[in-house]
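Heads up, the thing below is written out as structure tokens.
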Amino acid sequence: MDTYETLLAAIAPADGPTREVHDPATGELIASVPVHDRSHLDKAIARARAAQPGWAALADEERCGILQRVADAIESSAEALARVLSREQGKPLNGPNARFEVGACAAWLRATAATPRPSEVVVDDGETYAELHYRPVGIVAAITPWNWPMMIAIWQIAPALRMGNTVVAKPSEYTTLSGLALAAVMNEVLPEGVLNVVAGAGDIGAAIVADPAFGKIMFTGSTATGSRIIESSAGNITRLTLELGGNDAGIVLPDVDPAAIAQDLFWGAFINTGQTCAALKRLYVHEDVYDDVVDALAGVAAAMPMGVGLDEENVLGPLQNRMQFQVVDRLVEAAKASGARVVIGGEPDRDAPGFFYPTTLVADIAPDNPLVVEEQFGPALPIVRYRDLEEVIEWANALDVGLGASVWSADRERAVEIASRLQAGTVWINSHGGVHPFIPFGGVKRSGYGLEFGVEGLKAASVPQVING
Ligand code: ADP
């Protein structure tokens, strides 16, 4: 049972170079984190390698029992973890934010332990008998971004551990504290060497990716980095799961009740203040309901408090870093310059110490506007008016990414038919972005490849082996 203070003390750097961590809401210095180099990575690999045979030799039920106890540890330190996450990432404690994320970590571990272990008889016809099994890869690298730093780490670590692998995790340099804090709590339970963390930026990530010690790299981050990972892991033929950028479309049909869907549309777009891979990032609304949907969304948006994460009333926070603030600011300014209509927001205080960008809805915007076709990854939603369904499907499919999409309609069958024509790894009907530990998740096109979660996720964290005979 850690407190915020004991948790920070437990992960305080002992020696070596460090980097300061500032609260993105206030600019306040909250801690320092280590900056690791090649020698730390080598030690982490050595620990992971030494621990792996013993970990893999445990019965599956034993590993599952340990994952359940790791979930218990996370729950008993949940408030401390949520405070670290809130202060470093910026996300509020409340709403679908820091406490929610920590709760999801525990829930995901439990669900991963409860997922049926894959193995099947593939042929049994009296003459031939063959079984397909899934064996450990060895050491898995878990390279994570800064938007959901604890939950995404668990998405990678939990299936890897369940399948008998050990892990070297590298949190984003923007959210190292969160990665270290989560691992410290998990390591209260896990055997020595099973989960190791190296702290650093892209250079240490690149060193991991090029190292033949890793049988599998699980990566969530930008498409550009994903490309680099493919290149530098090619020599080792390392297995990859790549969950990359997205620019998810939502299509609203004319038969919806705008007031009834406004809340779900809002959270589909603005969860984690818009900093979510599979958030709704461009909304296409049929002209018959356009004004009503925009009004209803504006009503919801105006009522959602944004502010410092530790204040209990807030449900939206700052952008995590200045770079992302500048992306959102540039895209909204471009939209304004094009003559699009800012319905709410759009006027940030650029001199404030925190990276707050106000909740922003931009209407009457052209389908090829940069705010529509580039990933904003922040609290600014473009709302495009459409008349023709064929044309809007073309717009939705026009981009080179395809993580998620959504169709909003009172007619499920019609929505499913439209969904089948959308180029996206997941299409939600009347919601956007919800994930579930038993439902596979992954992108198409330049949003990456490989599936996470559920049985498919366990398969992806292992190597197949056929027993023939
Ligand atoms: P984002 O901005 O979405 O976090 P990045 O792709 O920049 O996306 O970063 C995601 C993760 O990838 C971070 O942990 C980062 O340090 C790491 N990273 C950056 N460059 C590389 C690289 N060349 N090889 C491996 N990991 C990298």
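The values are calculated or read from the model by the stated rules, or taken from the named source; none is laboratory data. Source: prediction; values computed, not measured. Glycine also receives a Cβ, built like all others from the backbone with ideal geometry; neighbour counts cover every protein chain displayed. These area figures cover heavy atoms from the full protein model, side chains too; ligands, DNA and RNA do not enter into them. Shrake-Rupley method; radii C 1.70, N 1.55, O 1.52, S 1.80 Å.
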Q.
Residues that are more than 27 Å from residue 307 (Cβ to Cβ) and modelled with pLDDT of 95 or more, at least 1 per element: which strands (runs of 3 or more DSSP E) completely within the stretch 339-450 meet that?
A. 380-386, 404-408, 426-429
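Conditions (1) under 24 Å from residue 318 (Cβ atoms); (2) hydroxyl-bearing (Ser, Thr, Tyr), marked per residue:
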{"site": "67", "(1), (2)": "no, no"}
{"site": "76", "(1), (2)": "no, yes"}
{"site": "85", "(1), (2)": "yes, no"}
{"site": "88", "(1), (2)": "yes, no"}
{"site": "92", "(1), (2)": "yes, no"}
{"site": "113", "(1), (2)": "no, no"}
{"site": "124", "(1), (2)": "no, no"}
{"site": "130", "(1), (2)": "no, no"}
{"site": "154", "(1), (2)": "yes, no"}
(Q) I need the full set of residues from the stretch 5-28 which are assigned to a helix (DSSP H, G or I) and surrounded by fewer than 17 Cβ atoms within 10 Å (Cβ to Cβ), in order please. (A) 5, 6, 9, 10
Q: Please go through the stretch 204-219 and pick out each residue that is of a type outside the set (Gly, Ala, Ser), more than 7 Å from the ligand (Cβ to nearest atom) and open to solvent by less than 50 Å² (accessible area, probe 1.4 Å).
A: 204, 211, 214, 216, 217, 218
Q: Filter the stretch 116-155 for residues that are in a loop (DSSP other than H, G, I, E, B), within 16 Å of the ligand (Cβ to nearest atom) and among the β-branched types (Val, Ile, Thr) and give the result.
A: 144
Q: Go through (1) more than 30 Å from residue 30 (Cβ to Cβ); (2) of a type in the set (Gly, Ala, Ser); (3) free of Cβ contacts under 8 Å to residues at least 60 places away in the same chain one by one and return the number of the condition residue 345 breaks.
A: (1)
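If only one of 250, 226 is within 8 Å of the ligand (Cβ to nearest atom) and in contact with a Phe, Trp or Tyr (Cβ under 9 Å, 6 or more places away or on another chain), which one is it?
The unique qualifying residue is 226.
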Q | Only one of 273, 220 that is modelled with pLDDT of 95 or more, on the phi > 0 side of the Ramachandran plot and either polar (S, T, N, Q) or in contact with a His (Cβ under 8 Å, 6 or more places away or on another chain) (or both) | A | 273
Q | Breaking point among (1) acidic (Asp, Glu); (2) out of contact with any helix residue (DSSP H, G or I) (no Cβ under 8 Å at 6 or more places or on another chain); (3) more than 29 Å from residue 23 (Cβ to Cβ), for residue 211 | A | (2)
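In the set 300, 308, which member is over 30 Å from residue 225 (Cα atoms), in the same structural domain as residue 360 (by TED's automatic domain parsing) and assigned to a loop (DSSP other than H, G, I, E, B)?
Working: 300 fails: assigned to a loop (DSSP other than H, G, I, E, B).
Result of the check over 300, 308: 308.
Of the residues 171, 191, 149, which single one is more than 20 Å from residue 460 (Cα to Cα) and surrounded by fewer than 23 Cβ atoms within 10 Å (Cβ to Cβ)?
On inspection, the qualifying residue turns out to be 191.
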